[in-house]
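The values are calculated or read from the model by the stated rules, or taken from the named source; none is laboratory data. Just so we're clear, the structure is a prediction, and the values are computed from it rather than from any experiment. All Cβ positions, glycine included, derive from the backbone under ideal geometry; neighbour counts span all protein chains shown. All accessible areas refer to the heavy atoms of the entire protein, side chains included, with ligands and DNA or RNA removed. Shrake-Rupley method; radii C 1.70, N 1.55, O 1.52, S 1.80 Å.
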Amino acid sequence: MFTKERVEQLKSHATPYYFYDLDILDATLLAIQNAVKNKPYVVHYAIKANANERILERIKKSGFGIDTVSGNEIKWALKNGFKGNEIAFAGVGKSDEEIQTALEAGIFTFNVESIPELQVIDELAAKAGKKALIAIRLNPNVNAKTHHYITTGLEENKFGINYWELNELFEQLEKLQNIELKGLHFHIGSQIRDLSVFKNLCNRVNELQSEFRERNIDLDHINVGGGLGVNYQSPDEELIPDFDAFFSIFDQFIDLLPNQSLHFELGRAVVAQCAALISKVLFVKEGVKTNFAILDAGMTELIRPALYQSSHHIQNLSKINEEATYKYDVVGPICESSDCFGKAILLPKTERGDLMAIRTAGAYGQVMSSQYNLRDFAKTIYHDEL
Ligand code: LLP
């Protein structure tokens, strides 16, 4: 991602900023397109991962739909050229206003997460004189083997309708007149690196789908959500996730009926590797065991390490060819001890003014930034603007 020439260009911009290499995004999108070619698969990009317009423009050109979790995400997707019928809408707490926005947009599906929600959607659809297209989000109770904050498919999680609620669900589905059931939806978690988890999901989807078939309920699609993880430790070794391996699990293990389509909601795997957070070292301060490299970017720009104990690969771009023989706790300037990008990180001798890159920041980076401590938002720079 960082040639010598590019590092020189990066140096001329005020830090901190998000740097996007859209060539990496293009290569990633192409890999996905190739992996799903000639299959009844549709990818809805999870816009929550990164909603930058230039990114959405490329995703749209690649023919993907969109996965949303708020009314504003729906509006943003429409504004960026996606059609209503390409938009899926999940979330355990959809407000009436958001439901109305989605009805007006004529979305692909409401991914319905509870029976009370189903009833409200039915009511609001009646008021709007529309039929709401829905998928039922089922909680499959499959362990995603990832960080507990980004695990969504266990019974203890708030997401989806549980197995024991199915009978009540079937009763409601028969009764409610203003909804039309199109599919089943699942999403078990994020940053899933152990692909066997998706095999477990397929097995559970097959079991749950048979409950619907037994009642002669037709489903025109199954939506298995997102979750494919990326390599945070060694991004350059795996800039493009192994999409063939991911999709082939579904090829092998999911029982699709004739004419049924399979939908995916990938977020992280699409955009994570195309960006880095670029920052400068403000000070190097002596610590007890290791020294601190204090950056001008912190948890306000990238909260993932503080929130999920995630570790992003950190590079000293000013010393890119030097050997990493010193250890630093790489921290931000925010008044919180959790404002730490990594402890005892091996780096070349690092000094005030060095340009630092925190890699794999394209997903859940910029979108989760805040102005805590009344800081300015980081700027955005694309590879063709350097
Ligand atoms: N579909 C639904 C219903 C979701 O809730 C999510 C992510 C996705 C799809 C996309 O998942 P992905 O392919 O990106 O794993 N902020 C956290 C991640 C939260 C994910 C929330 N839901 C992080 O930085 O790790």
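Points worth noting:
- Each listed q (0.13, 0.21, 0.25 Å⁻¹) maps to a log10 I(q)/I(0) for segment 152-209, found by the Debye formula over equal Cα scatterers with no solvent: -0.43, -0.96, -1.19.
- Where Ser12, Ser369 fall by accessible area, highest first, once all protein chains stay in place (1.4 Å): Ser12, Ser369
- Taking 32 Å as the limit for the C-alpha separation, the pairs Lys4/Lys39; Lys79/Lys280; Lys61/Lys182; Lys48/Lys285; Lys60/Lys379 exceed it in the case of Lys4/Lys39; Lys79/Lys280; Lys48/Lys285.
- Square roots of five times the Cα gyration tensor eigenvalues for segment 23-270, Å: 28, 22, 16
- Converting phi to 3J(HN,Hα) with the Karplus coefficients 6.51, -1.76 and 1.60 and the offset θ = phi - 60°, segment 101-111 yields 4, 5, 5, 4, 6, x, 6, 4, 7, 7, 8 Hz in sequence order, with x at every glycine or proline.
- Sequence-ordered 3J(HN,Hα) estimates for segment 64-72 from the Karplus curve with 6.51, -1.76 and 1.60 and θ = phi - 60° stand at 7, x, 10, 10, 10, 9, 7, x, 5 Hz, glycine and proline given as x.
- Normalised contact order of the chain, rounded percent, pairs of Cα under 8 Å and 6 or more residues apart: 20 percent
- Computed over protein heavy atoms with a 1.4 Å probe, the carbon and sulfur contribution to the accessible area of the chain reaches 48%.
- Result for the chain in a Gaussian network model with C-alpha springs under 10 Å: among Asn200, Asn216, Asn85, the largest mean-square fluctuation is at Asn216.
- Under a 5 Å amide H cut-off, with hydrogens placed 1.01 Å from N, Ala46 pairs with Asp67, Leu266, Gly267 among residues at least 5 apart or on other chains.
- Val367 exposes around 60 Å² of accessible area when a 1.4 Å probe is run over every protein chain in place.
- Note on exposure: Phe264, Phe2, Phe283 ranked by accessible area (1.4 Å probe, complete protein assembly) read Phe283, Phe2, Phe264, with the most exposed listed first.
- Candidate residues Arg58, Arg359: accessible-area rank, largest first, probe 1.4 Å: Arg58, Arg359
- Structure-based [θ]222 nm, the chain - -39500 (n - 2.57) summed over DSSP H runs of at least 4, per residue, nearest 500: -9000 deg cm²/dmol
- Rounded tilt (10° steps) of 243-253 against the dominant C-alpha axis of the chain: 30 degrees
- Within straight-line cross-link reach of Lys145, lysines at Cα separation under 18 Å, skipping those fewer than 8 residues along the same chain: Lys158, Lys199
- Taking amide H atoms as placed 1.01 Å from N in the peptide plane, the amide H of Thr380 lies under 5 Å from those of Tyr18, each 5 or more residues away in sequence or on another chain.
- Loop-located GluC sites (Glu not before Pro) across segment 111-162 with a Cβ neighbour count of 12 or fewer within 10 Å are Glu155, Glu156, with loop assigned by DSSP.
- Of the beta bridges in the chain, as assigned by DSSP with both residues counted there, near 35 percent are antiparallel.
- Segment 353-386 and segment 155-225 have Cα centres spaced 37 Å apart.
- On a per residue basis, the chain carries 44 Å² of accessible surface, using protein heavy atoms and a 1.4 Å probe.
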